[in-house]
Amino acid sequence: MLQVKQVAKAFSGFQAIAKADLTVPKGQVVAVIGPNGAGKSTLFNLITGHLRPDKGHILFKGEEIGGLSAHDICRKGVARSFQLINIFPRLNTFENVQVAVLARYRKTNKLFTPARKLVVEETNDVLHKLGLIPYRERLCNSLSYGDQKVLELAIALGSQPEILLLDEPTAGMSPEETRTIVKLIKNLAQNEGLTILLTEHDMDLVFDVAERLMVLHQGQTIAEGSPEEVRRDKAVQNAYLGETG
Amino acid sequence: MQLRRIIPWIMLAVLLVLPPVLPRYYLYLLASIFVIALLATSLNFILGFGGLLQLHHAVFFGVGAYTFSILLLKTPLPFVVAVVAGPVAAAFTALLIGWFCVRSRGLYFGMLTLALGQLVWAVIFRWSALTGGDDGLHGIPVPEVFNSLKTAYYVTLTVLTVCLAVLYLILKSPFGLTLMATRDNPVRSESVGINIRRHRLAAFVIAGFFAGIAGVLFVLVEKSVSPSLLSWSKSAEIMIMCLLGGLTTFYGPALGAGIIVFLSMKVGTYTEYWLLVLGIILLVLVLVLPQGILGFLAEKYSGRGGDKGGWGKDASG
């Protein structure tokens, strides 16, 4: 479904991504792992159009999307959540998700229909799926950190994507909040058949949810395959998993 | 809050019954306030709700006023055509200026609005044959009914009411919600599939259109135009009105316009140093009431409306 081929990206001399390759098959949960500064977030930003690749190809359903603008890529069916909370702080929970749903249905240009009457059902659906209904009317500044992370996910789902990119979905969360998120991710993958690409620091979580792994080290893909293959890979053991592998 | 909903209606009712008991001077004063209130509200549409640092909004006010005046004075076109042409010309100017501005963000956006706006000002200031240059144009032949102050009062009040209603509807529409989303978080907006440049440009044009309407109203009241209409200090003045009333509130800029226009006329009769007074107002405002009058009240009496961080926090968007 998503293919990254030989992609490179440099920031004023610093080679953040040197040679990244990645294949995300339809319906699978794929994780990109690697130490801090390996280029995981940069890779995500390249896929979602927040950055332009210097070299290489990014194909979504066979179509080149590298270098397109972020909103175009989203409209093709690629949605993402962010590592740091990245929501609309002065809108309430419902409106946060509604904006994404409105954009999905290309209704953001309607000038004279009250917004509160539009895409209510679709928005409530997403909120319901993620258990956010009780916070519907809350200004999302006032939500707890964990709930804001869930809202982060909800906004991405509001775009009804075919592939969902999650950048460290459990960063900074308590063990309990992490369990909630893991349950949500598994549920989305199994029951909704959503293709998911995620980065994560928590190795237990990665080996728990991912069906396929890609290891990024200093901007290069050093291994790709099933969790078992990656676990056995010598280069990975040296570079990353170390003695725990 | 029920009270908050009815206050605008009470205001409107009072303003509608006032003219028979008001001296002429105050009719004129209020009509002037209505015009500037519309101008300030149109600015706040992109400044407060769009989060765009529009530093030279008076340009569209001036373009609307000049277009209307020139068409009436120098062409045989009917009044109605001139009325429509004013706001349309303003919107078109906004489209041209906005097309460049939405490519940059934050302060750079502001600097571009200022630079391109000054260009328009320069054209009007220099093109004496058409615009009268520094002297402006006087004795604009508006239909005779507008010579009555009462008519001017009711017309400006009606147009102001309708325009505010339309702007309010737009802010409550998906377009408005999306606009606020791009204000709060441009990066996230892009990644849910919003074309923020196009959306901002559309908002810019809408704001320009309504500023153009205010320009036409101005001529109906004053029957003259001068380059000071689109001077940079005019833009600064309406920005102060927005700040004074409250950037995150809908009626704030209109309230700010009322206070500033009233004070400028009152103070102006006692002293030449109106700008000194304006400076002191600005100082007090920034230090004591950064969220503006209505923003302060909204924060005090409800959870929403005021926002703690102030507007500047997101200005870099």
Problem set entry | Distance in nm between pseudo-label sites at residue A:105 and residue B:144 (7 Å out along the Cβ direction from Cα) | 5.5
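What trypsin sites (Lys or Arg not before Pro) in the stretch A:1-61 are in a loop by DSSP, with at most 14 other Cβ atoms within 10 Å of the Cβ?
Listed in order of number, the matching sites are A:26, A:61.
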Exercise. Measuring from label point to label point, each 7 Å out along Cα→Cβ, what is the residue A:5 to residue A:28 span in nm?
Worked result: 1.8
Problem set entry | Sites excluded, chymotrypsin sites (Phe, Trp or Tyr not before Pro) in DSSP loops with at most 15 other C-beta within 10 Å, longest stretch of chain B | B:128-272
For this session: Quick one: compute the contact order of the stretch B:21-231, relative version, from alpha carbon pairs under 8 angstrom and 6+ residues apart, as a percent.
Result: 44
Exercise. Which value, in debye to the nearest 20, gives the size of the charge dipole of chain A about its Cα centre, when Lys and Arg are +1 and Asp and Glu are -1 at the Cβ?
Worked result: 860
Seminar exercise, completed: In deg cm²/dmol, rounded to the nearest 500, the helical mean residue ellipticity at 222 nm of chain A, built from -39500 (n - 2.57) for every DSSP H run of length 4 or more, is -9500 deg cm²/dmol
Seminar exercise, completed: Connecting every pair of Cα atoms under 10 Å apart in chain A and solving the GNM, the largest mean-square fluctuation among A:109, A:36, A:92 falls on A:109
Exercise. Name the residues of the stretch B:151-166 whose amide N is less than 11 Å from a point 7 angstrom out from the Cα of residue A:112 along the C-beta direction?
Worked result: B:166
Exercise. What does the charge add up to near residue B:31, with Lys and Arg as +1, Asp and Glu as -1, over the other residues with Cβ less than 10 Å from its Cβ?
Worked result: 0
For this session: Once you've got the GNM for chain B with C-alpha springs shorter than 10 Å, pick whichever of B:202, B:37, B:254 has the biggest mean-square fluctuation.
Result: B:202
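Specify whether the C-alpha gyration tensor of the stretch B:130-191 places it in the rounded, prolate or oblate class, a ≥ b ≥ c being the square roots of the eigenvalues: rounded for a/c under 1.5, otherwise prolate if a/b is larger than b/c and oblate if not.
Because a/c hits 1.5 or more and a/b fails to exceed b/c, the stretch B:130-191 counts as oblate.
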Exercise. Hey, got a sec? Which trypsin sites (Lys or Arg not before Pro) in the stretch A:104-142 land in a DSSP loop and have at most 11 other Cβ atoms within 10 Å?
Worked result: A:106
Problem set entry | Low-density loop cleavage sites - trypsin sites (Lys or Arg not before Pro) in the stretch B:55-144, where at most 15 other Cβ are within 10 Å (DSSP) | B:103
Problem set entry | Residue with peak Gaussian network fluctuation, chain B [Cα springs, cutoff 10 Å], from B:38, B:30, B:220 | B:30
Exercise. How much length, in nm to one decimal, is gained on full extension between residue A:186 and residue A:84, taken as 0.36 nm per residue of separation minus their Cα-Cα distance?
Worked result: 34.6 nm
Problem set entry | Residues of the stretch B:46-63 with amide N under 20 Å of a point placed 7 Å along Cα→Cβ from residue B:115 | B:52-60
For this session: Evaluate peptide A:91-100: per residue, the Cβ atoms of other protein chains within 10 Å of its Cβ; return the mean as an integer.
Result: 4
Problem set entry | Span from the the stretch A:30-108 Cα centroid across to the the stretch B:188-253 one, whole angstrom | 32
For this session: Go through the stretch B:100-106 residue by residue and turn each phi into a ³J(HN,Hα) via Karplus (6.51, -1.76, 1.60, θ = phi - 60°); whole Hz please, and just put x for glycine and proline.
Result: 7, 5, 5, 6, 10, 10, x
Problem set entry | residue B:129 versus residue B:270: modelled label distance in nm, points set 7 Å from Cα along the beta carbon direction | 4.9
Exercise. Which FRET efficiency, nearest 0.05, do residue B:166 and residue B:288 yield, Cβ-Cβ r, R0 35 Å?
Worked result: 0.55
For this session: Would you please state which residues of the stretch B:194-217 a label at residue B:99 would reach in this model, taking the label point 7 Å out along Cα→Cβ and a backbone N cut-off of under 14 Å?
Result: B:198, B:201-202, B:205
Seminar exercise, completed: Once amide hydrogens are built 1.01 Å from N within the peptide plane, the residues lying 5 or more places from residue A:165 or on another chain with amide H under 5 Å from its amide H are A:79, A:80, A:81, A:197
Problem set entry | Summed side-chain charge close to residue A:33 - residues other than residue A:33 whose Cβ falls under 9 Å, Lys, Arg +1, Asp, Glu -1 | 0
Seminar exercise, completed: Around residue B:69 (Cβ within 11 Å, Cβ-to-Cβ, excluding residue B:69; K/R +1, D/E -1) the net charge comes to +1
For this session: Using 0.36 nm per residue of separation minus the Cα-Cα distance, give me the extension gain between residue A:207 and residue A:141 in nm, one decimal.
Result: 20.5 nm
Exercise. Which pairs, out of B:74/B:223; A:26/A:186; A:61/A:186; A:129/A:186, put more than 18 Å between their alpha-carbon atoms?
Worked result: A:61/A:186
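FYI, it's all coordinate maths here, none of it is from the lab. As the structure is a computational prediction, the values presented were derived from the model and not from experiment. Glycine also receives a Cβ, built like all others from the backbone with ideal geometry; neighbour counts cover every protein chain displayed.
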